[in-house]
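Below is one structure, written out as structure tokens; the observations come after it.
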Amino acid sequence: MYGTRRWLLGASLCAFAAAAHAGPRADVIHWWTSGGESAAVKQVEQAYRAAGGTWVDTAIAGGDQARAVTINRIIGGNPPTAAQFNTSKQFLDIIEEDMLNPVDDIARRDHWDQVLPAPIVDVIKVRGHWYAVPINIHMQTWIWYSKAAFAKAGIGREPASMDELFADLDKLKAAGLIPLAHGGQAWQEILLFSMVLSNLGGRDLYLKVIRDRDQAAIHSSAFRQVLVAFKRLQGYVDPASPGRNWNDATALVIGGKAGMQIMGDWAKGEFIAAGQAPGREFGCVPGLGRDSPYLIQGDVFVFPKTDDAATLRAQKLLASVVEKPAVQLAFNRLKGSIPVRLDADDSQFDECARKGMAILRDPRRPVGVAEVYLTPDQNGALQDVLTAYWNTNMPVDRAQNSIASALRY
Ligand code: GAL
């Protein structure tokens, strides 16, 4: 009897020890699969483990695919503990359907109302509640260039206007290089278009078209010029670009085969993972001209609704780990992004990140990317027109009219 009791006690102590060891368990869906992205997310994973949690990694290549898996699992009753979304309206529907747990306690504790930039607050705070934990801020439309390629083409300084950009692309072409490294996927085409719209059209036209969906602005000759310039960029892209992943395009710049890529600052994570440094092998241009709009988005974790106490503990632990300054620093240095807090210490960041943080502190510069203002349906409709226009002989007038229809409702 005594022996059995002792065995039972021993067994339950072991079970207790195992449970204590296992700690909160987080099944996390994200789409960070490239070299730089994986290195960055490992930092969060390690910090979660160090805080006593168990991290179950579900990395799914491609943002669209990863988000679809998350939504299907939530609807199917088998939600992950946490999932990545962009800092945008992508998760508004699941907020409306009451499928997410709010994170109001952390938001209050960390004074998010005061320290986060407005375009971020606008999408994660809905009817007074906070529904996502932001992990970074990305600027989507940087120009990344190879210093060796620029030298080979005889380009002495960074472009500061659309005309200068085209002149540099011509020089790169003449030097026998791929002038513009592009990944021919719809989301990369809308990114390129947003760069042209914000730099050539400026902040006013950008916001009128993308935020206000102003029909007169969409039909204006200034917007027509934007569409013409966007399509002109296609003449500088190599024939192998359709379907290419963004990081394979970055690899062309890293290897000096291509001159430049217009891409979010997650591309910087690839240069760093390849052992390159800003100012040494590559350069970063945040926009054409001193006042160019700075198009921000970022990544958040959302926490699907649950009443299960263990899952709730796992969610809360992840939310607080992600917001720790040391985790923000370690993650963002490898990811290429900058911390979500405008008051973060930037002394340990590289020159591109410091440029970005300085711009972000100027309230005239940051605006949201298209998905911050448009619903997923509107964004999808705009993306469809732009991709068709980029990849076919669609006349500019038709593209302009189709964009007007796509953004009418
Ligand atoms: C973005 C995301 C970035 C980066 C990029 C490419 O949507 O915000 O974190 O991962 O996709 O994968």
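The values are calculated or read from the model by the stated rules, or taken from the named source; none is laboratory data. Since this is a predicted model, take the numbers as computed values, not measurements. Positions of Cβ are generated from backbone atoms using ideal geometry, with glycine treated the same way; all protein chains shown enter the neighbour counts. Each accessible area value is taken on the protein alone, full model and side chains, heavy atoms only, with ligands, DNA and RNA left out. Shrake-Rupley method; radii C 1.70, N 1.55, O 1.52, S 1.80 Å.
Under 30 Å from GLN65 (Cβ atoms), assigned to a loop (DSSP other than H, G, I, E, B) and open to solvent by less than 60 Å² (accessible area, probe 1.4 Å): does that describe PRO119? Answer is no for this residue.
ASP307 satisfies every condition listed in (1) part of a loop (DSSP other than H, G, I, E, B); (2) surrounded by 21 or more Cβ atoms within 10 Å (Cβ to Cβ); (3) not assigned by TED's automatic domain parsing to the domain that holds ARG211 except (2). Figure legend. Inter-residue proximity from region 25-36: first residues in a strand (DSSP E or B), second residues near the ligand (Cβ under 8 Å from one of its atoms), beta-carbon distance below 9 Å, spacing 6+ or different chains. Indicated pairs: VAL28/GLN84; ILE29/GLN84; HIS30/GLU37; HIS30/GLN84; HIS30/ASP299. Against the list (1) within 30 Å of ASP362 (Cβ to Cβ); (2) within 16 Å of the ligand (Cβ to nearest atom), the condition THR33 fails is (1). Within the set ASP168, ASP212, ASP204, the sole residue that is crowded, with 21+ Cβ neighbours inside 10 Å and among the acidic types (Asp, Glu) turns out to be ASP168. For PHE85, state whether it is open to solvent by less than 10 Å² (accessible area, probe 1.4 Å), assigned to a helix (DSSP H, G or I) and closer than 22 Å to GLN188 by Cα. No.
Scanning region 181-188 finds no residues that are at pLDDT 95 or above and within 17 Å of GLY287 (Cβ to Cβ).
Here's the yes/no breakdown for (1) more than 16 Å from the ligand (Cβ to nearest atom); (2) open to solvent by 10 Å² or more (accessible area, probe 1.4 Å); (3) assigned by TED's automatic domain parsing to the domain that holds THR33; (4) polar (S, T, N, Q):
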| site | (1), (2), (3), (4) |
| --- | --- |
| TRP266 | no, yes, no, no |
| ILE272 | no, yes, no, no |
| VAL302 | no, no, yes, no |
| THR311 | yes, yes, yes, yes |
| ALA314 | yes, no, yes, no |
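Would it be correct to say that ALA240 is surrounded by fewer than 19 Cβ atoms within 10 Å (Cβ to Cβ), free of Cβ contacts under 8 Å to residues at least 60 places away in the same chain and closer than 28 Å to GLY62 by Cβ? Against the criterion (surrounded by fewer than 19 Cβ atoms within 10 Å (Cβ to Cβ), free of Cβ contacts under 8 Å to residues at least 60 places away in the same chain and closer than 28 Å to GLY62 by Cβ), ALA240 qualifies. For GLN114, state whether it is without any contact (Cβ under 8 Å) to a residue 12 or more places away in the chain and open to solvent by 10 Å² or more (accessible area, probe 1.4 Å). Here the answer is yes, as GLN114 does meet what is asked. If you go through region 130-144 and pick out every residue that is more than 14 Å from the ligand (Cβ to nearest atom) and farther than 15 Å from VAL300 by Cα, you end up with 1.
Confirm whether ARG127 is in the same structural domain as LYS316 (by TED's automatic domain parsing), without any contact (Cβ under 8 Å) to a residue 12 or more places away in the chain and of a type in the set (D, E, K, R).
Values: in the same structural domain as LYS316 (by TED's automatic domain parsing): yes; without any contact (Cβ under 8 Å) to a residue 12 or more places away in the chain: yes; of a type in the set (D, E, K, R): yes.
Against the criterion (in the same structural domain as LYS316 (by TED's automatic domain parsing), without any contact (Cβ under 8 Å) to a residue 12 or more places away in the chain and of a type in the set (D, E, K, R)), ARG127 qualifies.
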